[in-house]
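Enquirer: Please see the structure below; I have some questions.
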Amino acid sequence: MCKRLFGLLLSILSIISMVCGSVWQCSATAVELPAVSAKACIVMEATTREVFFSQNADEHLPMASTTKIMTTLLCLESGDLDTPFPVDNNAIQVEGSSMGLVKDDIVTKRALCYGMLLPSGNDAAGATAVKLAGSLSAFADLMNERAAQLGMQNTHFVTPSGLHDEQHYSTAYDMAILTATALQNPDFREICGQATAKVTFGNPPYDRWLKNSNKLLTQCEGVIGVKTGFTDEAGRCLVSACQRDDMTLICVTLNDPNDWQTHTQLYDTLFPRLHKQTVALPETISIPVVGGTADTVSLQATDSITYGTLQEAVNLPLTVHTKPFLFAPVPANQYGGFLVAEQDGQILFQLPLTTQTAVPEQPATPEEQPQKSIWQRLQRWLQVQFS
């Protein structure tokens with residue numbers, strides 16, 4: 001009987017030990033978060049895509065005008081942003097919020113991007129769609145193709161503006177993934193962070209001011225964007241990004257009547273608990289030099305990447321891409337390649353690599369001068385081929 005009692009006691013103590021151990025492990029990384037009123041919500045680290053908070057983040061929901069994040073990204077990626085053109089008069093005849101386009105207005109793609117991200121112009125979204133794809137349906141195909149490339153597996157676009165359609169939906173997780181990619185675009189990052197902006201359009205074009213509907217830009221410390229949204233069916237939708245101490249978080253709420261408060265509380269709660277990490281770059285990267293006083297030159301990253309984590313560190317495998325070689329003379333700070341970090345086939349970030357030092361050209365002897373002239377002509381040809 002004593003042996004049985006002793007064995008039972010050991011079992012109980014073992015269970016208590018495991019339970020206590022589990023609680024301790026969880027408490028090491030758990031964050032006491034405020035109540036979230038959103039139907040779906042997520043907080044994601046912008047660089048590593050680490051998720052710090054999630055609530056119904058994979059549920060299919062309408063996302064209203066946060067749709068314009070994708071429309072704007074596609075517009076910026078299409079290039080030629082500052083060439084004026086006339087709007088499609090049918091495309092701008094759309095209900096809801098507007099940047100103020102009227103018949104026969106002359107705009108640029110850049111102006112349309114401001115019109116989408118600041119006053120959430122449905123007219124700007126329609127004009128963008130027709131300019132890029134010829135029709136709203138063809139543009140929806142482009143949106144869905146880009147979504148598939150980004151790994152947005154639970155998203156389907158129908159409209160460029162986000163006006164309600166039963167087949168137009170996304171998830172909090174997918175919208176965070178989209179935003180992390182969009183923020184890598186310097187033009188997108190610049191535009192979405194403006195509280196107000198002077199934009200030129202009209203017939204003839206003239207300057208006018210647009211105001212951003214995102215109140216967090218002035219109400220919450222460190223907010224750098226991104227996009228508001230509302231329809232009766234979707235409720236209040238908000239995608240924001242916040243940067244503090246060189247760490248950037250993305251927060252998405254879908255159908256949240258208290259979205260300004262939710263985002264602010266989540267940022268204020270999470271940022272103090274994050275450990276700031278710097279991506280460890282390779283110590284030595286070199287590239288061959290042809291015709292120089294040195295056979296190789298070292299490359300250096302032009303910037304550093306920092307991120308926040310609740311863990312000690314996140315594994316970010318880096319791949320180095322360099323040119324096959326450089327021709328002397330090589331100046332300092334010449335572009336030589338880039339570092340890239342990828343996760344699940346998606347690019348997290350890229351860092352340009354430049355030469356640390358200059359490499360002078362190897363002087364030729366008098367006997368080598370004729371051959372040098374031929375070599376220089378060949379070198380110019382090779383530079384064109386490998387540029």
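Only the coordinates and a few stated rules stand behind these numbers; no lab work does. Keep in mind that this is a model prediction, so the values were computed, not measured. Reconstructed Cβ throughout: ideal geometry from the backbone, glycine too, with neighbour counts over all protein chains shown.
Enquirer: Using the Karplus equation 6.51 cos²θ - 1.76 cosθ + 1.60 (θ = phi - 60°), what ³J(HN,Hα) coupling, rounded to whole Hz, does each residue of region 334-342 give in order, writing x for Gly and Pro?
Expert: Once rounded to whole Hz, the list reads 7, 4, x, x, 7, 9, 9, 10, 10.
Enquirer: Taking a temperature of 37 °C and a viscosity of 0.692 mPa s, what whole-number D in µm²/s does Stokes-Einstein yield for the chain with Rh from Kirkwood over alpha carbon pairs?
Expert: Taking Rh from Cα pairs, D becomes 137 µm²/s.
Enquirer: Right, another one. Using only Cα atoms, locate the centre of region 213-284 and the centre of region 140-184, then give the distance between them in Å, rounded to an integer.
Expert: So the two Cα centres are separated by 19 Å.
Enquirer: So for each of 98-111, 240-253 I average, over its residues, the number of other beta carbons within 10 Å; can you give me the resulting order with the highest mean first? All intermediate terms of the calculation are to be shown ahead of the outcome.
Expert: Numbers: 98-111: 18.9, 240-253: 23.2.
Going by the mean number of other Cβ atoms within 10 Å, highest first, we get 240-253, 98-111.
Enquirer: Can you work out ³J(HN,Hα) from phi for every residue in region 129-140, in order, using Karplus 6.51 cos²θ - 1.76 cosθ + 1.60 and θ = phi - 60°, giving whole Hz and x for Gly and Pro?
Expert: Once θ is set to phi - 60°, the couplings for region 129-140 become 4, 5, 4, 7, 10, x, 7, 5, 5, 5, 5, 4 Hz.
Enquirer: Test of understanding: what is the full-extension gain from D295 to L81, defined as 0.36 nm times their sequence separation minus their Cα-Cα distance?
Expert: Stretched fully, the D295-L81 segment lengthens by 72.9 nm.
Enquirer: Suppose only helical runs count, i.e. DSSP H with n ≥ 4. What mean residue ellipticity at 222 nm does that imply for the chain under -39500 (n - 2.57) per run, divided by all residues and rounded to the nearest 500 deg cm²/dmol?
Expert: -10000 deg cm²/dmol
Enquirer: Could you pull out every one of the lysines with an alpha carbon less than 17 Å from that of K103, ignoring same-chain neighbours closer than 8 positions?
Expert: Candidates past the 8-residue exclusion: K131.
Enquirer: From the backbone phi of region 96-108, what are the Karplus-calculated ³J(HN,Hα) couplings (6.51 cos²θ - 1.76 cosθ + 1.60, θ = phi - 60°) in whole Hz, Gly and Pro given as x?
Expert: x, 4, 8, 8, x, 6, 10, 3, 6, 4, 9, 9, 10
Enquirer: About the Cα centre of the chain, how large is the charge dipole given +1 on each Lys and Arg Cβ and -1 on each Asp and Glu Cβ? Please answer in debye to the nearest 20.
Expert: In total the dipole reaches around 420 debye.
Enquirer: Ok, one more. To make sure I understand the rule: partners must be aspartates and glutamates, Cα under 16 Å from the Cα of K109, and not fewer than 8 residues away in the same chain. Which ones qualify?
Expert: E77, D80, D82, D88, D123, D187, E190, D207
Enquirer: Among the GluC sites (Glu not before Pro) within region 259-350, which fall in a DSSP loop and have no more than 14 other Cβ atoms within 10 Å of their own Cβ?
Expert: Qualifying residues, ordered by number: E283, E312.
Enquirer: Name the residues whose placed amide hydrogens come within less than 5 Å of the amide hydrogen of G225, ignoring near sequence neighbours (fewer than 5 apart) on the same chain.
Expert: Under 5 Å from the amide H of G225: A241.
Enquirer: Right, here's the next one. Grab the other residues whose beta carbon is less than 13 angstrom from that of M116, score K and R as +1, D and E as -1, and report the net.
Expert: With Lys, Arg at +1 and Asp, Glu at -1, the net is +3.
Enquirer: Determine which lysines satisfy two conditions relative to K39: a Cα distance under 19 Å, and not lying fewer than 8 residues away in the same chain.
Expert: K227
Enquirer: With Rg and the Kirkwood Rh both taken from Cα atoms, where does Rg over Rh land for region 182-233?
Expert: That ratio is 1.05, to two decimals.
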